[in-house]
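Input: a single structure, listed below in structure tokens.
Throughout, read-outs are computed from the coordinates displayed, never taken from laboratory work. Since the structure is predicted, the reported quantities are computational estimates derived from the model, not experimental observations. Neighbour counts run over all protein chains shown; Cβ positions are idealised from the backbone, glycine included.
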Number of protein chains: 2
Amino acid sequence: MNHLNKEAIAEGMNSLQKYICDRLEQIDGVSLFNNDEWSRAEGGGGVTKIIQNGGVIEKGGVAFSAVHGPVTEMMQKQMNIGGTEFFATGVSIVLHPHNPHIPIIHMNVRYFELNDGTFWFGGGIDLTPHFIVESQAKLFHEGLKAICDKYNVNFYPKFKNWADDYFFIPHRNETRGIGGIFFDHLTIEDANLSKEEIFNFCIELGQNFPILYNQQVELGKNLPFTENEIQWRNLRRGRYVEFNLVNDRGTKFGLVSNGRTESILMSLPANASWEYNFQPEENSKEKQTLNLLKKGHSWIGN
Amino acid sequence: MNHLNKEAIAEGMNSLQKYICDRLEQIDGVSLFNNDEWSRAEGGGGVTKIIQNGGVIEKGGVAFSAVHGPVTEMMQKQMNIGGTEFFATGVSIVLHPHNPHIPIIHMNVRYFELNDGTFWFGGGIDLTPHFIVESQAKLFHEGLKAICDKYNVNFYPKFKNWADDYFFIPHRNETRGIGGIFFDHLTIEDANLSKEEIFNFCIELGQNFPILYNQQVELGKNLPFTENEIQWRNLRRGRYVEFNLVNDRGTKFGLVSNGRTESILMSLPANASWEYNFQPEENSKEKQTLNLLKKGHSWIGN
């Protein structure tokens, strides 16, 4: 269907950014997003929306971009693609809350097309609790499964495992958090859906993002916390930094391909800590969390 | 000369670690190093010495290792080497002080040999002031030049430029600090020195490390500092984390080659901060520091 061209998809992504930021401002209750608009010499640009020192969110960003230009040698090598001109648009989010009992969350939906006629979608949502509460992890995964199942019942099991593999820190042998879903290079053949349906799936994921996060915020935001729990939160943030800078393919690709550094690194927390060889006490909540940071754990039962 | 075999070099490196830690404990005046001994399944091991919450040093490490084993496919690819068995030994140091007026410092000296008979040395020392003071930068570079000149007058200019190129953060378009010296794959042909002389150069660099750092510590440790200066220190530490996790070839190689994660990441600070698109005020000390984080600056005059 020709009406769902790249301009319409970019417009949908741009609207999604606004929709999510409005909802997140309500959830936060204190701070508003600041806009940082930028353009790219090679073509296109974006708006990075940043929230800081909020009632719930200490530092977070919701970024929209729609960029285009010639396919570089680096893109050919890293993405294994044909075509000479590309177009890419998407929304990506990372939120770092103050309260250690509220998880860090990440979301991304994106669309990519080439002038050889090929196109695909990608995306993911994953949750990084500082302290894993299994009932909350279940709620989050059930929410994702419900959205996936509306489009293709194979999506959740496939994309859940993909998230386990993607959001993994090899040098720590631990997952970044409780995972979620991740998908890349999703074509109409892979999805067995029309272009419109895949696009709607991405938009619906995005529209559900504030709902899914609000569930987590409501369950954590009134819980008191100690200095030790803040220190543990900061150590977990340190692992988040490690994943993003060492392992995240999107971040690495952005940095080496001369992307906009501040927008790419909006994912980093206001602060993070490292302590040499820190080992939590046996049977502590911290140790229980570490023990659950494994691939292949079913959060919604079997 | 056969007496300078790999065992003798490893012993020299091990003694250097002890020598430096003794001197650093005197400089710190409060904390002592803790030993973390480890061994490696494939062969060899090391001792990572960590100092925390000291009088001067907030977090620092001095690591010795001597490892050996089969040359892996990854090593062949990344290092472009022959031989089937390797031996590597060295000492590496990173110190993060409390006081923002004392610089972060890094040093590394290392020896590598293959069973095809080839061997080489590598190393470097570089300084990362949170606030650059040109007279202190001059003192540091003059100290390095004096050591280099004793061995080969080409070393300082060559290794100074190499450090500018190596300790560079492309995605920020800034150097990590004021540089220092860096060299890799230094053979007797490159150095026009005997194996003993290159080894002595490495050891002399190491023995001068506490002297060079003490000069910086003495000039900064009694200066008062503000909360804003602590926040700036933490933002600069953020850049240090970015360099080490994104750009430092040693760190990346260590992590992907299944090295000992805690020892590799001892280089990370106790805490670091990120603030979206932080811009220091014009003519501030912070802005003056940023303006000096450029390659090719001569710190000792022409």
Identify, among B:299, B:186, B:115, the residue whose Cα sits farthest towards the positive end of the charge dipole of the protein assembly as shown, taking +1 on the Cβ of Lys and Arg and -1 on the Cβ of Asp and Glu, with the dipole about the Cα centre. B:299
Computed over the protein assembly as shown, Kirkwood Rh from alpha-carbon pairs, angstrom: 25.9
Tilt relative to chain A, helix A:134-151 - C-alpha long axis, 0 to 90 degrees, to 10: 20
Once both axes come from the Cα atoms, what is the angle between helix B:227-242 and the longest principal axis of chain B, in degrees from 0 to 90, rounded to 10? 30
Place a point 7 Å from the Cα of residue B:81 in the direction of its beta carbon; the residues of the stretch B:7-36 whose amide N falls under 20 Å from it are B:7-14
Taking the label point 7 Å from Cα along the Cα-Cβ vector, the copy-to-copy distances for residue A:284, listed from shortest in nm with one decimal, are 3.6
Set Lys and Arg Cβ to +1 and Asp and Glu Cβ to -1, take the dipole of chain A about its Cα centre, and tell me which of A:129, A:105, A:76 lies farthest positive. A:129
How shielded is A:171-178 by partner chains, expressed as the average number of their Cβ atoms within 10 Å of its Cβ atoms? 2
Distances in nm between the label point of residue A:211 (7 Å along Cα→Cβ) and its equivalents in the other copies, shortest first, are 7.0
Scattering from the C-alpha atoms of the stretch A:110-231 alone, worked out with Debye: what is log10 I(q)/I(0) at q = 0.18, 0.19, 0.20 1/Å? -0.99, -1.07, -1.14
For chain A, the longest principal axis of the Cα atoms and the Cα long axis of helix A:6-28 enclose an angle in degrees, to the nearest 10, of 20
Using the Karplus curve 6.51 cos²θ - 1.76 cosθ + 1.60 with θ = phi - 60°, work out ³J(HN,Hα) for each residue of the stretch A:246-254 in order, rounded to whole Hz, and write x for Gly and Pro. 9, 10, 5, 5, x, 5, 4, 4, x
Is there a quick way to get the dipole size of chain A? I mean about its Cα centre, with the Cβ of Lys and Arg at +1 and of Asp and Glu at -1; what is the value in debye to the nearest 20? 420
Mind checking the mean number of beta-carbon atoms from other chains within 10 Å of the Cβ atoms in B:263-271? 5
Dipole magnitude (debye, nearest 20) for the stretch A:1-114, charges at Cβ of Lys, Arg, Asp, Glu: 200
Place a point 7 Å from the Cα of residue A:228 in the direction of its beta carbon; the residues of the stretch A:267-290 whose amide N falls under 12 Å from it are A:280-287
Per-residue mean of other chain beta-carbon atoms within 10 angstrom of the beta-carbon, peptide B:273-282? 5
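Over the stretch B:151-302, calculate the relative contact order: mean separation of alpha carbon pairs under 8 Å at least 6 apart, over the residue count, as a percent.
The normalised contact order for the stretch B:151-302 reaches 28 percent.
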Return the ratio Rg/(2.2 N^0.38 Å) for the stretch A:20-132, where Rg is computed over Cα atoms only. 1.27
Between chain B and chain A, with a rotation axis joining them, whose C-beta in B is nearest that axis, and what is the whole-Å distance? B:245, 2
Where a ≥ b ≥ c are the square roots of the eigenvalues of the C-alpha gyration tensor, would you call the stretch B:192-302 rounded, which needs a/c under 1.5, or, failing that, prolate if a/b is larger than b/c, or oblate? oblate
Only Lys, Arg (+1) and Asp, Glu (-1) charged, at Cβ; the stretch A:69-202 dipole about Cα centre in debye: 400
Using a 10 Å cut-off around each Cβ, can you sort B:4, B:265, B:293, B:193 from fewest to most neighbouring Cβ atoms? B:4, B:193, B:293, B:265
State, to one decimal in nm and shortest first, how far the label point of residue B:258 sits from each corresponding label point in the other identical copies (label point: 7 angstrom along Cα-to-Cβ). 3.8
Mind listing the phi-derived Karplus ³J(HN,Hα) values for the stretch A:98-103, rounded to whole Hz, using 6.51, -1.76 and 1.60 with θ = phi - 60°, and x for any glycine or proline? 5, 5, x, 8, 10, x
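Taking Rh as the Kirkwood radius, which is the inverse of the mean 1/r over Cα pairs, what is the Rg/Rh value for chain A?
Result for chain A is an Rg/Rh of 0.95.
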